[in-house]
Amino acid sequence: MRRLWLALLGAALAVPALAQTAEAPLATRAQVRSINKDGDGKTYIALKVMPRTKLPFSSLTFLVRNPGQVEGVAVGDEVFFTGARIDGENTLQSLRKTTPCVRFQPCKQHD
């Protein structure tokens, strides 16, 4: 009985690890908070996610693999972005400027 219980426990613990590798990419609106380069030459962008996106954090930082993606984007701009968890790090997949949302009116998802 004990072996069966341990086998079931081991299987239950393995399921969340499999679920993490199959995460769907995040696609939503955000406001640019900062664009920084670290000492290794990697570029990071900090984005404040718009309310009601059902995410546990309001600000997220993404690795920018292609620095050309952030050209023409400044702090304070509203953007529509797609990001995913790649190699254990939040990674920016696409980014484009968008028009700001107007209060009490529906936001356009794509411009």
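Scoring Glu23 on the criteria (1) over 20 Å from Thr99 (Cβ atoms); (2) charged (D, E, K, R); (3) modelled with pLDDT of 90 or more leaves a single failure, condition (3).
Looking across segment 64-87 at every residue that is touching a Ser or Thr at 6+ places or on another chain (Cβ under 8 Å) and assigned to a loop (DSSP other than H, G, I, E, B), the one that is nearest to Pro100 (Cα to Cα) is identified as Val75. Please indicate, with yes or no, whether at least one residue in segment 37-45 is outside any strand (DSSP E or B), surrounded by 14 or more Cβ atoms within 10 Å (Cβ to Cβ) and either modelled with pLDDT under 90 or touching a helix residue (DSSP H, G or I) at 6+ places or on another chain (Cβ under 8 Å) (or both). No, that holds for no residue.
The values are calculated or read from the model by the stated rules, or taken from the named source; none is laboratory data. Note that the structure is predicted; figures quoted are calculated from it, not measured. Note that we place each Cβ from the backbone using ideal geometry, even for glycine, and neighbour counts take in every protein chain shown.
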